[in-house]
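Inspection log for the structure reproduced underneath, given as structure tokens.
A short reminder: the numbers here are calculations on the coordinates, not readings from a lab. As the structure is a prediction and not an experimental result, all values here were calculated from the model. Here the Cβ is made from the backbone with ideal geometry for all residues, glycine too, and neighbour counts use every protein chain on show.
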Amino acid sequence: MNDLKGIHHVTAITSSAEKNYEFFTYVLGMRLIKKTVNQDDIQTYHLFFADDKGSPGTDMTFFDFPGIPKGSHGTNEISTTSFRVPSDEALDYWVKRFDRLNIEQKGIKKRFGRKVLPFVDFDDQSYELISDEYDQGVAPGTPWQDGPIPLEFAITGLGPIHIRIENYKYFKEMLEKVLRFKKVKEEGSFHLFEVGQGGNGAQVVVEDAPALPSARQGFGTVHHVAFRVEDRDALEEWIDHIPKFGYRTSGYVNRHYFESLYVGVAPQILFEFATDGPGFMGDEPYETLGEKLSLPPMLEPKREEIERSVRPINTVRSNKTFGKEWE
């Protein structure tokens, strides 16, 4: 049985698909590679932001559930999503950029030997940029070539995922025995685990946080994190493997852009296992990715109903030229 390959995607909840699109496109310079709907709630947008080609391990996705309240941060939460940038110098660029655009950032820090820059968005969703300066693990993606960020500073994929947990002893055992992660470092209450080739693209930071109040899911919080498996055969191995430890799972789920398995691994912590393919290029050309409402084949017969229920959002970028912004 092969190890997990690293992080596949993170899915979070936003209060506004429109503001979310503006923030990820014009502030972070990530490419919208798919505008679709939640396959389990077709009145809800599902936006996918990723690298230039929608590579696995690079996409941050968002639901905007109508009427959902704001979430609160605490323990038993996927608390922070990291994004990889090429170098320490890139972090200096982002400090200046965030200051110019009035984005709340907390200054460059060092964690587990890597420089990071924590920041938040308009929903108080928690993120950080992490430098790939000394990274030797999972390869990064390709920055959005036509976006506003100079390529030497641009985001190239997902970095370590932070999880706060009430019962650290249990969670450590689950990561190691069930998911085959290895603990590699410790700093106080923070514990660094990695899987597969390791490095920034295959790490989870677990914070032992029994004293915090329990988090509450809502906008401004993460819904789930997905980990990469090679293909359907590898996914079937995990479908067989996880129930042996007493976990109930979703069983096989076809998400069209990838194939999946879901399992609740701790209170309010949902993990997904997702295949690297087929990917996002099958129903739209590279030049206009994310510009139309894309629906998987099982939802295509409901297109008229769906288009009536979700408000239109203009995501056309192929007719625009982005000048590179040097801060």
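Structure notes:
- Normalised by 2.2 N^0.38 Å, with N the number of residues, the alpha-carbon radius of gyration of the stretch 169-246 equals 1.26.
- Cα convex hull of the stretch 1-122, projected area averaged across orientations, nm²: 9.9 nm²
- Convex hull volume of the Cα atoms of the stretch 203-279, normalised per residue: 127 Å³.
- Per-residue HN-Hα couplings for the stretch 282-289 [Karplus 6.51, -1.76, 1.60; θ = phi - 60°; Hz; x = Gly/Pro]: x, 10, 8, x, 3, 5, 10, 3
- Radius, Kirkwood style, for the stretch 24-82 when every pair of distinct Cα atoms is counted (Å): 13.1 Å
- Cα-Cα separations in the stretch 208-253 greater than 11 Å, expressed as whole percent: 77 percent
- Residue-by-residue Karplus 3J(HN,Hα) for the stretch 20-35, coefficients 6.51, -1.76, 1.60, Hz, glycine and proline x: 4, 4, 4, 5, 6, 7, 9, 9, 8, x, 9, 8, 6, 10, 7, 10
- Taking a quarter of the surface of the Cα convex hull of the chain gives a mean projected area of 15.6 nm².
- Cα centre as origin, Lys/Arg/Asp/Glu Cβ charges: the stretch 97-226 dipole, Debye: 400 debye
- Multiplying the residue separation of ASP240 and ALA266 by 0.36 nm and removing their Cα-Cα distance gives an extension gain of 7.4 nm.
- log₁₀ of I(q)/I(0) at q = 0.13 Å⁻¹ - the stretch 180-327, Debye sum with one point per alpha carbon: -0.91
- Oblate is the label for the stretch 265-327. Its Cα gyration tensor axes, ordered a ≥ b ≥ c, give a/c of at least 1.5 and b/c at or above a/b.
- Residues whose amide H falls under 5 Å from that of ALA12, counting only those 5 or more places apart or on a different chain, are THR61, PHE62, PHE63, HIS223, with hydrogens built in the peptide plane.
- Counting only Cα atoms, the stretch 118-176 measures 45, 33, 16 Å along its principal axes, largest extent leading.
- At 1.306 mPa s and 10 °C, Stokes D of the stretch 237-285 from Kirkwood alpha-carbon radius, µm² per second: 133 µm²/s
- Note that the stretch 206-222 has calculated 3J(HN,Hα) couplings of 10, 9, 6, 9, x, 8, 6, x, 5, 5, 10, 6, x, 5, x, 10, 8 Hz, one per residue in order, obtained from phi through the Karplus relation 6.51 cos²θ - 1.76 cosθ + 1.60 (θ = phi - 60°); glycine and proline are x.
- Alpha carbon convex hull of the stretch 54-183, volume per residue in cubic angstrom: 153 Å³
- Taking amide H as placed 1.01 Å from N in the peptide plane, THR44 has its amide H under 5 Å from the amide H of ASN38, each at least 5 places away in sequence or on another chain.
- Dipole of the stretch 135-178, positive end: most advanced residue of ASN167, ILE155, ALA139 [Cβ charges, Cα centre]: ASN167
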